[in-house]
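Before any comments, here is the structure.
The values are calculated or read from the model by the stated rules, or taken from the named source; none is laboratory data. Since this is a predicted model, take the numbers as computed values, not measurements. FYI the Cβ positions are ideal-geometry reconstructions off the backbone, even for glycines, and counts take in every protein chain you see.
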Amino acid sequence: MSAKVKFAVVLSGCGVYDGAEIHEAVLTLLAIDRQGGTYQCFAPNIPQMHVVNHLTGEPASESRNVLVEAARIARGNIKDLAQFKAADFDALIFPGGFGAAKNLCTFAVAGPDCAVDPATENAVKAMAAAGKPMGALCIAPALMAKIFGDGIKVTIGDDPGTALAIDKMGAHHHNAGHGQVVVDARYKVVTSPCYMLDSSINQIAEGAENTVRALLGLLGR
C-alpha cells in the first residue's frame, strides 16, 4: 500500500475579509482527507494587515496575529510557516480569502507592485525547486503570479480588472468557471476561482476537490 500524500496547507488568518476564507480552508482539508491524503496547517507568524468586523464589514481598531487567528481553523494544530520544509511534504496548497492578498502578500493594496511575505515566498520557491506541485484557490493565485511570472498559467475566475493585474505580473490568466481548475504543467501549479465567483458552498467544495485531485494527478496518484 502506497504512503499517503502529505499536504501542507497555508492559512492567512481566519475570516474572509482579513484572513483565510473559512469555507475554502475547511473544504480543502476535507478534500485532502477524502482523497486519502494527510495535511499539516501552517501560517506566517506576523501581524494581520488589519482587522475587519465581519458583521459590519468595517475595519476594527485592534490588532491580531495571522498564526494565532489561523489556529482557530486548524483547531490549534498549526505551525509557523518559517518552520516549513519542502522535504517533509508532497504538495502545498493555499486557500483564498482576502488574507492571501493582505497578509501573505500586499496584492490587495499594491496590485501588480505587491510584495510577498518572506516565509510564504520561501515555501513556494522551496517546493518549486523540489519539483513538487502547489495549489491556490480564489485570490491566492496572485501569489503564484507574483512569485513566478514568466507566463505561468493561473485563474482567478473571470474578473477583468484582477485578471489584468495578474497578467501585469508576468503571468497568463485563463478564465474559469465554478469547480474548474487551470493547471500549469511547467510549474506544477493548480488554481481554481472558488469565491472569486458568486458561488454556493457546494461549488466551493467542488473547486477544492478538483484542485486536490489535480495535485494528486501531478504526483502520479
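Hey, does segment 101-121 have a residue that's of a type outside the set (A, V, I, L, M, F, W, C) and closer than 18 Å to residue 189 by Cα? Within segment 101-121 (the criterion being of a type outside the set (A, V, I, L, M, F, W, C) and closer than 18 Å to residue 189 by Cα), the answer is yes, since at least one residue qualifies.
In segment 151-175, the residue that is surrounded by the most Cβ atoms within 10 Å (Cβ to Cβ) out of those that are in a helix (DSSP H, G or I) and of a type in the set (Val, Ile, Thr) is 166. Total residues in segment 139-150 satisfying the condition of being part of a helix (DSSP H, G or I) and more than 11 Å from the chain's Cα centre (by Cα): the figure is 4. When every residue of segment 192-202 is checked against the conditions, none turns out to be farther than 25 Å from residue 17 by Cβ and either part of a helix (DSSP H, G or I) or not basic (Lys, Arg) (or both). Screening 212, 182 for residues that are free of Cβ contacts under 8 Å to residues at least 60 places away in the same chain, closer than 25 Å to residue 42 by Cβ and in contact with a strand residue (DSSP E or B) (Cβ under 9 Å, 6 or more places away or on another chain) leaves exactly one candidate, 182.
Modelled with pLDDT of 95 or more, within 21 Å of residue 171 (Cβ to Cβ), in a strand (DSSP E or B) and of a type outside the set (Val, Ile, Thr): is that true of residue 136 in this structure? Judged against the criteria, residue 136 is a match. All of (1) crowded, with 24+ Cβ neighbours inside 10 Å; (2) within 14 Å of residue 187 (Cβ to Cβ) hold for residue 140 with one exception: (2). A search for C-beta distances below 6 Å between a residue of segment 106-121 that is part of a helix (DSSP H, G or I) and any residue that is of a type in the set (Lys, Arg) and surrounded by fewer than 19 Cβ atoms within 10 Å (Cβ to Cβ), counting only pairs 6+ apart in sequence or on different chains, returns 112/168. Cβ separations smaller than 7 Å between residues 6+ apart or across chains give the following pairs from segment 76-102 residues that are without any contact (Cβ under 8 Å) to a residue 60 or more places away in the chain to residues that are aromatic (Phe, Trp, Tyr): 79/42; 101/107.
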